[in-house]
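Scroll down for the structure; my scribbles are underneath it.
The values are calculated or read from the model by the stated rules, or taken from the named source; none is laboratory data. Bear in mind the structure is a predicted one, so any value in this text is a computation, not a measurement. Every residue, glycine among them, receives a Cβ derived from its backbone with ideal geometry; neighbour counts consider all protein chains shown. What goes into the accessible areas is simple: the full protein's heavy atoms, side chains included, and nothing from ligands, DNA or RNA. Shrake-Rupley method; radii C 1.70, N 1.55, O 1.52, S 1.80 Å.
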Amino acid sequence: MSSPSPATAVIADAADATGSVSLRGITKIFGSATAVDSIDLEVRSGEFISLLGPSGCGKTTLLRMIAGFEHPDAGDIVVGGQSVVDLPPHKRPVNTVFQSYALFPHMTVAENVAYGLRQKRVPKSEIAQRVHDSLGLAQMVSFADRKPSTLSGGQQQRVALARALVNRPKVLLLDEPMSALDRKLREEMQIELKLLQKELGITFIFVTHDQQEALSMSDRVVVMQSGSVQQIGSTEDVYLKPANEFVAGFIGKQNFIDASVSGTDALVAADGTFAVSSLPSGAREGSEVRAAIRAEAVHVSAQRPAGGGLEGTLAGISFLGDAIQYVVVTSSGLELIARATPDRAEPLGTGDTVWCSWDASELRVFEAA
Amino acid sequence: MTTDAAPPTTAPRSTPRARRRRGITGYEALGFPTWAYVVFFFVVPLGLVLWYSFGYKPDLFNAHANDVLSLDRYVEALDATFIGTFWNTLRIGVVGTLICLAISVPFAYWLAVKLNPKWRPLALALVLVPFWTNFLVRTLGWQIILSPRGFVSDALQNLGIIDGRLDVLYTAGAVQLGVVYNYLPLMILPLYVAIDRAGPALREASADLGANRWRTLWNVTLPLAAPGIASGCLLVFIPLMGDYITASVLGGAQGNMIGQLVASQFNTAQNWALGSAMAVLLMLFIAGAVAIFGGIALIVRAFVRRARRVDLDVELPGGAS
Ligand SMILES: Nc1ncnc2c1ncn2[C@@H]1O[C@H](COP(=O)(O)OP(=O)(O)O)[C@@H](O)[C@H]1O
Ligand SMILES: [Mg+2]
């Protein structure tokens, strides 16, 4: 679906219209549980934004409020400059790719894709043209007369995508659309979907609990936890500059080290002292902090590095394919995970005494919870 | 021999040979109730009725004889009364089924979609409550309600809604009301199950694609509930066509339904041969009616599908399908 075609141009009309989305103080309460807690979010037109967070953090609920299936208990939703919060789903300029695809089982693939156009009473010949173009984008033209039940999960997902895109929505909402696909197919679809989104210029709001998926596709990522936003930022930002301990722990493979502040540029941990380049604003001499260091930033060596480091015993080595992972246990019992690309790896064996070191600028320091 | 050394008493039953034999016949044994039921309560009685219908009533004291076989009872059965009553019955059956459908679609939808799931078991129980009472007693209850001197009649007169007494009992209208009341749950339940099983996701997808609730109902909810609608219509229409209790209790002497004619041949006239011929005709007529309505439904479905069809091959430059 990455090939530029006249079909793309037909559907990309949507890019002319503004597809910005503003969420202002959106709150949703189910019984006694707050599923979404006062969320503010500005999504730019044509942006690919991901809602990322663990299961149950309110991603689906937030998406359903944008689509109109749930009504927020407080707050406003503005799409393309117009408040839609009181509009029923069928009057909102957004379309959804559902997690379960929700294809109509009694209709063929082409009838499924035509459904939205028929509701808008688009002339029959135009319907045929647009359905054909949209199925072409999804590479599903040859399946037009099949019933959804005869398709594989990946094919159903493409149909669901075509069925949403054929309506030329300003905003496309996607709720974990890849979760039912196997790994290889998922990675292919991630690339295709990203390219398609760029071509069409439609705003994508993409829900996922998979950080790798969010990072590989998005312009910006919204990290959520228990109904509230933890960080909104570019993929680099949330990866390299996590705003807090939760984001740091959720994205990438992080090591956490409890320590206390010593002076303005050093931390004292149970296993030694190491330098830091920045401290949280509230940190004073002796205050308890948590330092976070990504596994890829940790370097394991047999010799004590010049700048010092933490000494430990190499407890395990595992080959991950694109990386080698070391597990180092220090004398205080702290477990450090380090990852190196196979070509950079030193010849080490389990049981060896090793040193873990890192660049001070890679270390993030958070106030202890 | 001490007690603790005694072999378990069940040992002979589980010898390898016995187990193997049971393995071979196991499925047939499990199926026994089903085919026994079908044979003894359906095939045999139906065969007897068919057999009797070719016989005759020999004298005043015998209900049937089969020493001379003929189709004369069928000729005898197909008189003007029978035909007229059949049309009456068909009208009550079709109208009754349609009324049940018209009530059940919104009600089952409400039950499956709108009602708080917490109250659903209670609502379903209330739908079924009438079934806890005998069919005849329930129908007699309507006799009291519709009676010209009953409380409903009095109340309506006091409210000034009708002048004079309520004049519904012992009319075709009362029978119509009675059958709708008696068979309504048989329509509600399969419809409820069908709508409930379709789940909310497809209705949401429909709304997401721009369909308002009526179009969602027409394009998604009802087509998916079609098997439930079909089974509900069959469950209501077939027993309703053969019902004679409702008509006897509420239709009175006007004898509106064909089941009564059959019953009176068996019970009053003691002419089993003629009664059997009428019963066979009734079954054939019901089967014919079901076939005709089924055919109409298929035609409607074909039209709906044609209206929905998307033909991608039409005048597409370089159409790849
Ligand atoms: N219809 C509902 N009724 C009650 N609680 C709900 C409902 N929908 C979601 N929740 C609750 O809201 C929270 C957020 O759910 P959800 O938005 O589905 O999370 P996510 O998509 O991030 O996994 C969960 O605790 C869930 O149990
Ligand atoms: Mg979810």
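Assorted remarks:
- Interface area, B with A, accessible, probe 1.4 Å, both sides summed, Å² nearest 100: 2800
- 3J(HN,Hα) couplings calculated from phi for segment A:323-339 with the Karplus curve 6.51 cos²θ - 1.76 cosθ + 1.60 (θ = phi - 60°) are, in sequence order, 7, 10, 10, 10, 10, 10, 10, 7, 5, 7, x, 5, 9, 10, 9, 10, 10 Hz; Gly and Pro show x.
- Rolling a 1.4 Å probe over the protein heavy atoms of segment A:6-245, with every protein chain left in place, gives an accessible area that is 50 percent carbon and sulfur.
- DSSP-defined beta bridges in the protein assembly as shown - what % are antiparallel, rounded to 5: 75
- Of B:269, A:263, A:252, farthest towards positive along the dipole that unit charges on Lys, Arg, Asp, Glu beta carbons give the protein assembly as shown: B:269
- Accessible area per residue for segment B:72-300, computed on protein heavy atoms with a 1.4 Å probe, is 48 Å².
- Derived scalar couplings between HN and Hα for segment B:215-220 equal 5, 5, 4, 6, 8, 10 Hz in order, rounded to whole Hz, by the Karplus curve 6.51 cos²θ - 1.76 cosθ + 1.60 (θ = phi - 60°), x for Gly and Pro.
- Going from the isolated chain to the complete set of protein chains, segment A:128-161 loses at least 20 Å² of heavy-atom accessible area (1.4 Å probe) at A:128, A:129, A:132, A:141.
- For segment A:349-360, Karplus couplings with θ = phi - 60° (6.51, -1.76, 1.60), whole Hz, Gly/Pro x: x, 4, x, 5, 7, 10, 10, 9, 9, 7, 6, 4
- Ordering B:247, B:141, B:190 by the projection of their Cα atoms onto the charge dipole of segment B:72-300, which places +1 on the Cβ of Lys and Arg and -1 on the Cβ of Asp and Glu, puts B:190 at the extreme positive end.
- Convex hull volume per residue in cubic angstrom - Cα atoms of segment A:232-320: 126
- Values of log10 I(q)/I(0), in the order q = 0.06, 0.08, 0.12, 0.15 Å⁻¹, for chain B under a Debye, Cα-only, solvent-free model: -0.37, -0.61, -1.03, -1.28
- Cα centroid separation, segment A:216-243 to segment B:69-99 (Å): 75
- Annotation: for a label point projected 7 angstrom from Cα along Cα→Cβ of residue B:158, residues of segment B:112-151 with backbone N closer than 13 Å are B:150-151.
- Working value for the protein assembly as shown: equivalent-ellipsoid semi-axes of 71, 35, 27 Å, each the square root of 5 times a Cα gyration tensor eigenvalue, largest first.
- Relative contact order of segment A:157-301, pairs being alpha-carbon contacts under 8 Å that are 6 or more residues apart, as %: 15
- In a reduced charge model with +1 at each Lys and Arg Cβ and -1 at each Asp and Glu Cβ, segment B:72-300 shows a dipole moment near 680 debye about its Cα centre.
- Accessible area in square angstrom per residue, segment A:94-213, 1.4 angstrom probe: 34
- Cβ-defined net charge surrounding residue A:239, 13 Å radius [Lys, Arg +1; Asp, Glu -1]: +1
- Taking the helices alone, chain B has a mean residue ellipticity at 222 nm of -22000 deg cm²/dmol, built from -39,500 (n - 2.57) per DSSP H run of at least 4 residues and averaged over all its residues.
- Computed about its Cα centre, the charge dipole of the protein assembly as shown is approximately 2380 debye, with only Lys, Arg, Asp and Glu carrying charge at their Cβ.
- Chain A: calculated mean residue ellipticity at 222 nm from DSSP helix runs of at least 4, using -39500 (n - 2.57): -7000 deg cm²/dmol
- Accessible surface calculations at 1.4 Å, restricted to protein heavy atoms, place segment A:17-83 at 38 Å² per residue.
- Cβ-defined net charge surrounding residue A:331, 13 Å radius [Lys, Arg +1; Asp, Glu -1]: -3
- Probe 1.4 Å - accessible area at residue B:192, Å² to nearest ten: 30
- Here the accessible area of chain B is 69 percent carbon and sulfur, with a 1.4 angstrom probe and all protein chains present.
- Amide H partners (placed H, <5 Å) of residue A:51, local residues excluded: A:206, A:207, A:208, A:222
- For segment A:67-219: rounded, prolate or oblate by the Cα gyration tensor [a/c cutoff 1.5]: oblate
- Residue among A:173, A:181, A:215 with the largest mean-square fluctuation in a Gaussian network model of chain A, springs linking Cα atoms under 10 Å: A:181
- Accessible surface of segment A:253-367 [probe 1.4 Å, protein heavy atoms]: carbon and sulfur percent: 46
- Protection proxy ranking, peptides A:133-146, A:191-204, A:313-326, A:109-122, average beta carbon neighbours within 10 Å, highest first: A:109-122, A:133-146, A:191-204, A:313-326
- The value of relative contact order for segment A:253-367, using C-alpha pairs under 8 Å at least six residues apart, is 33 percent.
- Cα-centred dipole magnitude for chain A, charges only on beta-carbon of K, R (+1) and D, E (-1), debye, nearest 20: 1660
- Interchain or long-range residues, amide H under 5 Å from residue A:74's placed H: A:27
- Placing A:358, B:119 in order of accessible area, with the largest value first and a 1.4 Å probe, yields B:119, A:358.
- Translational diffusion coefficient (Stokes-Einstein; Kirkwood radius from C-alpha pairs) of segment A:248-369 at 25 °C, 0.890 mPa s, in µm²/s: 167
- Over all other residues within a Cβ to Cβ distance under 15 Å of residue A:261, the charged ones net out to -2, with Lys and Arg as +1 and Asp and Glu as -1.
- Relative contact order for segment A:285-346, counting Cα pairs under 8 Å that sit 6 or more residues apart, in percent: 33
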